[in-house]
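Structure first, then comments.
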Amino acid sequence: MMGRPRKPTNVLEMTGAFSKNPSRREARSSEPSQPEELGSVPERLSNKQKEAWNEIASNCPYGVLTKADRHSLEMTAVLLTEFWEIGVKMKGTHLSLLNTLLAKMGMNPSDRSRVTVREPKKENPFSKHARR
């Protein structure tokens, strides 16, 4: 039996979950990080698929997509192009996958409501000296 999918670390960071429960950050300390930006559209995509890629990337909540998400975004762009072309005649499995991929990127109202972007707290430069 599967539980709920694990929330991405960057989403937990943006929602302030680590300040509420610091042990959650420690549990993810060995997790690989991918801070690199998404990058440009893959050349292998058609013009319509490139348009879909750019639309998804520009509408996705800031800070969610990184270089590690390029393959998911590419699949989403291909499926979105298919939806644009054939609409409701799209296979149910393809439509379901498109909806799931968009949800994982915070691209629908209920999933977007779970993403809160907060400015990182600036450290007081004098706080380290006060502890001595």
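The values are calculated or read from the model by the stated rules, or taken from the named source; none is laboratory data. The structure presented is a predicted model; accordingly, all values stated were derived computationally and were not measured. Here Cβ is always computed from backbone atoms with ideal geometry, including for glycine, and neighbour counts include all displayed protein chains. To get the accessible areas, we keep the full protein, side chains included, count just its heavy atoms, and leave off ligands, DNA and RNA. Shrake-Rupley method; radii C 1.70, N 1.55, O 1.52, S 1.80 Å.
Looking only at residues that are closer than 19 Å to G106 by Cβ and of a type in the set (V, I, T) in region 12-59, which one is modelled with the lowest pLDDT?
Within region 12-59, the match that is modelled with the lowest pLDDT is T15.
The conditions are (1) crowded, with 16+ Cβ neighbours inside 10 Å; (2) at positive phi; (3) not in a loop (DSSP other than H, G, I, E, B), and G106 fails exactly one of them. Which is it?
G106 satisfies every listed condition except (3).
Check K48 against each of (1) part of a loop (DSSP other than H, G, I, E, B); (2) open to solvent by 90 Å² or more (accessible area, probe 1.4 Å) and name the one condition it does not meet.
The one condition K48 does not meet is (1).
List the pairs whose first member sits in region 91-104 and is over 17 Å from K7 (Cβ atoms), whose second member is open to solvent by less than 70 Å² (accessible area, probe 1.4 Å), and whose Cβ atoms are under 6 Å apart, counting only residues at least 6 apart or on separate chains?
The qualifying pairs are H94/L79; L98/L79.
Give me a count of the residues in region 60-72 that are modelled with pLDDT of 90 or more and crowded, with 20+ Cβ neighbours inside 10 Å.
Total meeting the criteria: 0.
Just give me the residues in region 3-25 being under 21 Å from the mean Cα position of the chain (by Cα) and farther than 20 Å from G63 by Cβ, in sequence order.
G3, R4
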